Amino acid sequence: TLAITVKKSDFSEWYQQVIRKAELIEYYDVSGCYILRPWAYFIWEQIQRLLDDLIRTEDVENTYFPMFLSAKHLNTEKDHVEGFKAEVAWVTKYGQSDLNEPLAIRPTSETIMYPAFAKWVQSHRDLPLKVNQWTNIVRWEFKFPTPFIRTREFLWQEGHTAHSTREEAVKQVYTILDFYEQVYGELLAVPVIKGIKTESEKFAGGDFTTTVETIIPQNGRGLQGATSHHLGQNFSKMFEINFEDDKRQKAFAWQTSWGFTTRSIGAMIMFHGDDNGLVLPPRIAKYQIIIIPIIHKDLDEKQLNERCEQIRQILIKQKLRVHFDNRDNYSPGWKFNKWEQKGVPIRLEIGPGEFKNNEVRVVQRFDNKKYQIKIEELNQLNQILDNIHYAMLEKARNELNQRIKQADDWKEFMTQLNQRNTILTKWCQREECEQQVKKQSGIESKEKDSEIGGQIQLTGSAKTLCMPLKQDEIKEGEKCFHCGQQAKRYVLWGRSY
Ligand SMILES: O=C(C[C@H]1NCCC[C@H]1O)Cn1cnc2c(c1=O)CCCC2
Ligand SMILES: [Mg+2]
């Protein structure tokens, strides 16, 4: 059926219907893999365009490394693979023959790139080294797949840099994190919280992990939006990425790695969609404006089409992405519905009245505001679209903020968690305390773990999402909300994807 048959409150069913009816995703017969249709792929292209421009300002150079790697390479850096190796996919055959040694398909490229880094870095003059690649990644996830959010193949960029000093590497980590925040806010109109992962949630191969976290308002679940890691010298020591510093001493390089994936598109869909379907932020909409003629017996059809084409040409000159839906096999009402489902930010209706008065009827998808504007005023549409972007971001920021509560004790913490909020608390920063909160919150959680096929899917327990970069200072005597010991940092807890 054409219509979306559930409200957004029936969230997972709503999401499945929206991604199909907005023609973003087509299903595919390999579990966990999906087809990105043009309506979705256009969004990824806009993300690439902006993010590529941003990293270029940091002198990062795009490259391409092979997707296959030997077990030897993959296992060079023990810790980082240990926790994940169940997810690595392997090629073992070609045609009827066996490969004499299986080859992994890249789940990330540290161990593919770093042997080459070791060759390229000899002197401090070879630093900093900054490369990036836009590729697909394969990870054989076991949790139930969700298009965009958790898939067995996804698209990303992965950046990898090597520096001669720790300071320079750490600065690079935060510059990239700011770029990620910018892509989310300026392009996807999705607000994020910049923070640092706790020791138990960070990338095990690194020194520390910074992250942009968002919170999905409908279910109050945290979603990791993108990560930027300081790797320290862990990998450079493993891969012998060293150089002669200016005192002619052998020193190991200081490294970073950072990634942004197609999961970001899922976050945008979840934030902005409504009961009628997708709502696209204007800057990533394949069509920002849809022109729909309202044919009428008193109106010469040829003249109406000419008027619509004239309007289309005006908007193209304004650098707007506009489409004129002149299909004669669909009614205006059907078209209204379809383009609403696909989330086109602005609809322009031209019927007998608009034709006679040389105007258009504007219908804004985001807030359903309707008004007339004269054809000579069409130049207002660029600003109108920009205003819509910022209004969407503002609304999303308010919804996210509604989902962040404070708690000073366990009772308050569980009350908030069971109201599907995330909780900011003082914390002693001890891992065992963190594990106890995870365990106990799971036991006391009203929302039980969802299991599918014997695999825990979305758990009811709370985990740490990040330690927000922006946080109040904690004074002597201020206590951890859970164990009562001296608190060190504020940390944001929540259920997560
Ligand atoms: O991928 C990273 C670290 C890093 N990789 C580069 C981009 C940024 C950042 O994600 C962490 N990681 C996650 N998942 C996996 C691995 C892994 O290293 C390796 C094995 C397969 C699964
Ligand atoms: Mg993973």
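Which of the residues that make up the range 363-389 are open to solvent by 50 Å² or more (accessible area, probe 1.4 Å) and within 27 Å of GLY273 (Cβ to Cβ)? Passing the criteria: PHE366, ASP367, ASN368, LYS369, LYS370, TYR371, GLN380, ASN382, GLN383, ASP386, ASN387.
Going by what's in this entry, would TRP156 be described as assigned to a strand (DSSP E or B) and either within 15 Å of ligand 1 (Cβ to nearest atom) or out of contact with any strand residue (DSSP E or B) (no Cβ under 9 Å at 6 or more places or on another chain) (or both)? Answer is yes for this residue. Of LYS411, LYS446, LYS426, all but one fail to be at pLDDT 95 or above, exposed (fewer than 13 other Cβ atoms within 10 Å of the Cβ) and more than 27 Å from the chain's Cα centre (by Cα); the exception is LYS411. Here the condition is being buried (at least 20 other Cβ atoms within 10 Å of the Cβ) and in contact (Cβ under 8 Å) with a residue 40 or more places away in the chain; of LEU54, LEU127, LEU50, LEU74, it holds for LEU127 alone.
Select from the range 155-178 the residues that are buried (at least 22 other Cβ atoms within 10 Å of the Cβ) and within 24 Å of ILE216 (Cβ to Cβ) and list them in ascending order. Result: ILE176, LEU177. In the range 130-146, the residue that is surrounded by the most Cβ atoms within 10 Å (Cβ to Cβ) out of those that are in contact with a helix residue (DSSP H, G or I) (Cβ under 9 Å, 6 or more places away or on another chain) and not in a strand (DSSP E or B) is ARG139. What number of residues within the range 211-241 are within 16 Å of ligand 1 (Cβ to nearest atom), touching a residue at least 40 places away in the same chain (Cβ under 8 Å) and not aliphatic (A, V, I, L, M)? Adding up the residues that qualify gives 12. If you check LYS470, LYS488, LYS439, LYS395, which single one turns out to be at pLDDT 95 or above and closer than 30 Å to ILE311 by Cβ? Answer to the selection: LYS395. Each residue in the range 449-487 was checked for being in contact with a strand residue (DSSP E or B) (Cβ under 7 Å, 6 or more places away or on another chain) and basic (Lys, Arg), and 2 of them qualify.
If you take the residues of the range 78-99 that are at pLDDT below 95 and open to solvent by 60 Å² or more (accessible area, probe 1.4 Å), which of them is nearest to ligand 2 (Cβ to nearest atom)? Ranking the qualifying residues of the range 78-99, first place goes to PHE84. The residue that is farthest from ligand 2 (Cβ to nearest atom), counting only those in the range 204-256 that are under 14 Å from GLY494 (Cβ atoms), of a type outside the set (S, T, N, Q) and part of a loop (DSSP other than H, G, I, E, B), is PRO217. Look through the range 100-127, keep the residues that are over 17 Å from GLU61 (Cβ atoms) and among the acidic types (Asp, Glu), and return whichever of them is farthest from ligand 2 (Cβ to nearest atom). Restricting to residues being over 17 Å from GLU61 (Cβ atoms) and among the acidic types (Asp, Glu), the top hit is GLU101. What do you reckon, is MET392 touching a Phe, Trp or Tyr at 6+ places or on another chain (Cβ under 7 Å), open to solvent by less than 60 Å² (accessible area, probe 1.4 Å), part of a helix (DSSP H, G or I) and touching a residue at least 24 places away in the same chain (Cβ under 8 Å)? So MET392 fits the description; yes.
The number of residues in the range 452-466 being touching a Lys or Arg at 6+ places or on another chain (Cβ under 8 Å) and open to solvent by 10 Å² or more (accessible area, probe 1.4 Å) comes to 7.
Here are some residues: ARG307, ARG283. Which one is surrounded by fewer than 23 Cβ atoms within 10 Å (Cβ to Cβ) and touching a Leu at 6+ places or on another chain (Cβ under 6 Å)?
ARG283
Would it be correct to say that VAL190 is among the β-branched types (Val, Ile, Thr), away from ligand 2 (no atom under 16 Å from the Cβ), open to solvent by less than 10 Å² (accessible area, probe 1.4 Å) and not in a loop (DSSP other than H, G, I, E, B)? No. Within the range 395-408, the set of residues being charged (D, E, K, R), surrounded by 15 or more Cβ atoms within 10 Å (Cβ to Cβ) and not in a helix (DSSP H, G or I) comprises ARG403, LYS405.
Here GLN182 meets the list (1) open to solvent by 20 Å² or more (accessible area, probe 1.4 Å); (2) outside any loop (DSSP other than H, G, I, E, B); (3) closer than 24 Å to LYS426 by Cα almost entirely, failing just condition (3). In this entry, ILE47 passes the filter for residues that are at pLDDT 95 or above, within 20 Å of HIS272 (Cβ to Cβ) and within 16 Å of ligand 1 (Cβ to nearest atom). If you check ASN132 against the conditions, is it closer than 30 Å to ASN242 by Cβ and within 16 Å of ligand 1 (Cβ to nearest atom)? For ASN132, the condition - closer than 30 Å to ASN242 by Cβ and within 16 Å of ligand 1 (Cβ to nearest atom) - is met. Of the numbered criteria (1) open to solvent by 20 Å² or more (accessible area, probe 1.4 Å); (2) within 16 Å of ligand 1 (Cβ to nearest atom); (3) within 24 Å of the chain's Cα centre (by Cα); (4) modelled with pLDDT of 95 or more, the one PRO107 fails is (1).
The values are calculated or read from the model by the stated rules, or taken from the named source; none is laboratory data. This one's a predicted model, so the numbers in the text were calculated from it and none came from an experiment. Every residue, glycine among them, receives a Cβ derived from its backbone with ideal geometry; neighbour counts consider all protein chains shown. Protein only, heavy atoms only, side chains kept; ligands, DNA and RNA dropped before computing areas. Shrake-Rupley method; radii C 1.70, N 1.55, O 1.52, S 1.80 Å.
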